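Contents: one structure, followed by commentary.
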Amino acid sequence: MDLTLTEAWTLWWSGQQLTEHSIHGMSVLWAARVGKFMAFLAGTTIVLDLIGGERLIEWGRQIRGPKHAALSGRTAYLFAGLVGAPLVYVAHTAEQPNDPFFIVGFRLLSILLIIGAFIATVWAGPRLVTLVGNAFSNQKLERLIRGIAVPLFFLGFALDYLAS
């Protein structure tokens, strides 16, 4: 049964399990997963804010230097392996629906995440750290990030709760 967010909360408060329902066309289980991801993103902004923009910029400069190139390559392989190994294992051993779109999509997502982890660690990692540091050093941008992160956290938490 397809529900609105308000209807889903009403049913949840009444004690009904919502796993068989959907919210605006998305299953409650997937809404909860999206909610976890949203809460993770919001929580990451808190950690980055605690680290501080200046320290992030300095760290980005340090890891971009030539003496860290070999370390970045090894780190990228390690990170890609740590991300990829569980995904490949789940993709090949988990009980999956017979939907070929799901199977191909999940395996494609696994491969893309492995490649993305490698590229992000070697090439984009230092640049991303510096970019995030610059964003947290700019007061207007920092306020905007916080203004997005707070509602994102609460919405993510609310979506996650609906699957419980």
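Quick notes on this structure:
- Subset tally (residues that are of a type outside the set (A, V, I, L, M), closer than 30 Å to Ala158 by Cα and exposed (fewer than 14 other Cβ atoms within 10 Å of the Cβ)) for the range 38-66: 3
- Within the range 6-28, the set of residues being aliphatic (A, V, I, L, M) and without any contact (Cβ under 8 Å) to a residue 40 or more places away in the chain comprises Leu11, Met26.
- Residue match in the range 57-70 (condition: in contact with a Leu (Cβ under 9 Å, 6 or more places away or on another chain), over 30 Å from Leu141 (Cβ atoms) and either at pLDDT below 90 or assigned to a helix (DSSP H, G or I) (or both)): no
- Residues that are in a helix (DSSP H, G or I) and not hydrophobic (A, V, I, L, M, F, W, C), drawn from the range 21-37: Arg33, Gly35, Lys36
- Trp30 meets the conditions (1) closer than 14 Å to Tyr161 by Cβ; (2) of a type outside the set (D, E, K, R); (3) modelled with pLDDT under 85 in every case but one. The failed one is (1).
- Whichever residue in the range 102-152 is of a type in the set (S, T, N, Q) and either touching a His at 6+ places or on another chain (Cβ under 6 Å) or at pLDDT below 75 (or both) and, among such residues, is surrounded by the fewest Cβ atoms within 10 Å (Cβ to Cβ): Ser110
- Test: Thr75 is modelled with pLDDT under 85, part of a helix (DSSP H, G or I) and among the hydroxyl-bearing types (Ser, Thr, Tyr): yes
The values are calculated or read from the model by the stated rules, or taken from the named source; none is laboratory data. Keep in mind that this is a model prediction, so the values were computed, not measured. When we count neighbours, we look across all protein chains shown, and the Cβ atoms used for this are built from the backbone with ideal geometry, even at glycine.
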